[in-house]
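Working notes, beginning with the structure itself.
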Amino acid sequence: MEKINYEKAPIKNLINKDNHLRIMSEFLERKKDPVVLEFGVERGSSTKVFTWLAEQINGNIYSIDISDCSQVISSKSWHFFQSDDLKIENILERFPEIKNRGVDMIYIDSYHENHHVQKLLNLWFKYVKKEGAIFIDDVDSYKFRKKKDIWNSIVYDLTDEAIKSFYYSNIEKTFYTRYYGENGLAKLLKYSDLLDEPNQINKLWNYNIFIKILYPYLRKISKIFK
Ligand SMILES: C[S@@+](CC[C@H](N)C(=O)[O-])C[C@H]1O[C@@H](n2cnc3c(N)ncnc32)[C@H](O)[C@@H]1O
């Protein structure tokens, strides 16, 4: 297989070395005739990168957005459907290839809210092929915490927790990698077969938050008595 030359990409400013779109592109580039399902198009930064790559490696990009983004690009490799991404039956009816063949990669960048992301993971995991992956954007609150923006910090942290809960409930079926930089990117690599359903999400036991606050003092006290 010929190596992809990212320097020659007309959208090369979007895929600088080590940025998140580049990380996903390099994952995709190793797949044969890859199929991508993308949630959230807007002005199409991710769509343009995935489609540029798909044109070279015989891939197909299926993009969903609740708004009409059909004019973002034009390519034989790109297929757009205006829909809520939770409406799985409508999407599978429109794109039967996803149901019949499965997908190599899902990119979640639509409604950034923990319950929505967790619902998407539960609904769509089944259609990811073995060794395929689900990438989720915007999982690190660092930039908002720097600005002391409480609400966005909470939203991002809750999304991060929702993904971790999904992973911990599916630890034998997935491998979780987290990338920092930009607004954080999560990757859930799927170990199980196409059509394998995810496990139900179980809340993992956690310690009491007040004990965590008291911990440094308790440690000091315990040293005094040693
Ligand atoms: C952050 S933007 C996507 C950015 C895009 N991936 C990029 O790289 O340029 C989020 C998009 O998700 C769409 N969206 C929000 N809620 C949605 C839903 N429930 N289903 C599908 N799309 C949704 C919005 O209309 C918006 O265009």
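Nothing in this text is a laboratory measurement; each read-out follows from the coordinates by a stated rule. Note that the structure is a prediction, hence the values are computed from the model and not measured. No Cβ is skipped: glycine too gets one built from the backbone with ideal geometry, and neighbour counts run over all protein chains shown.
Some values worked out for this structure:
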{"item": "Top-ranked residue of region 1-26 - restricted to ones that are away from the ligand (no atom under 16 Å from the Cβ) and part of a helix (DSSP H, G or I), ranked as surrounded by the most Cβ atoms within 10 Å (Cβ to Cβ)", "result": "6"}
{"item": "Top-ranked residue in region 48-66 [being in a loop (DSSP other than H, G, I, E, B) and either without any contact (Cβ under 8 Å) to a residue 24 or more places away in the chain or surrounded by fewer than 21 Cβ atoms within 10 Å (Cβ to Cβ) (or both); ranked as nearest to the chain's Cα centre (by Cα)]", "result": "66"}
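Results for (1) touching a residue at least 40 places away in the same chain (Cβ under 8 Å); (2) assigned to a helix (DSSP H, G or I); (3) farther than 26 Å from residue 49 by Cα, shown as yes or no for each residue.
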{"site": "115", "(1), (2), (3)": "yes, yes, yes"}
{"site": "121", "(1), (2), (3)": "yes, yes, no"}
{"site": "135", "(1), (2), (3)": "yes, no, no"}
{"site": "139", "(1), (2), (3)": "yes, no, no"}
{"site": "145", "(1), (2), (3)": "no, yes, yes"}
{"site": "156", "(1), (2), (3)": "yes, yes, no"}
{"site": "160", "(1), (2), (3)": "no, yes, no"}
{"site": "175", "(1), (2), (3)": "no, no, no"}
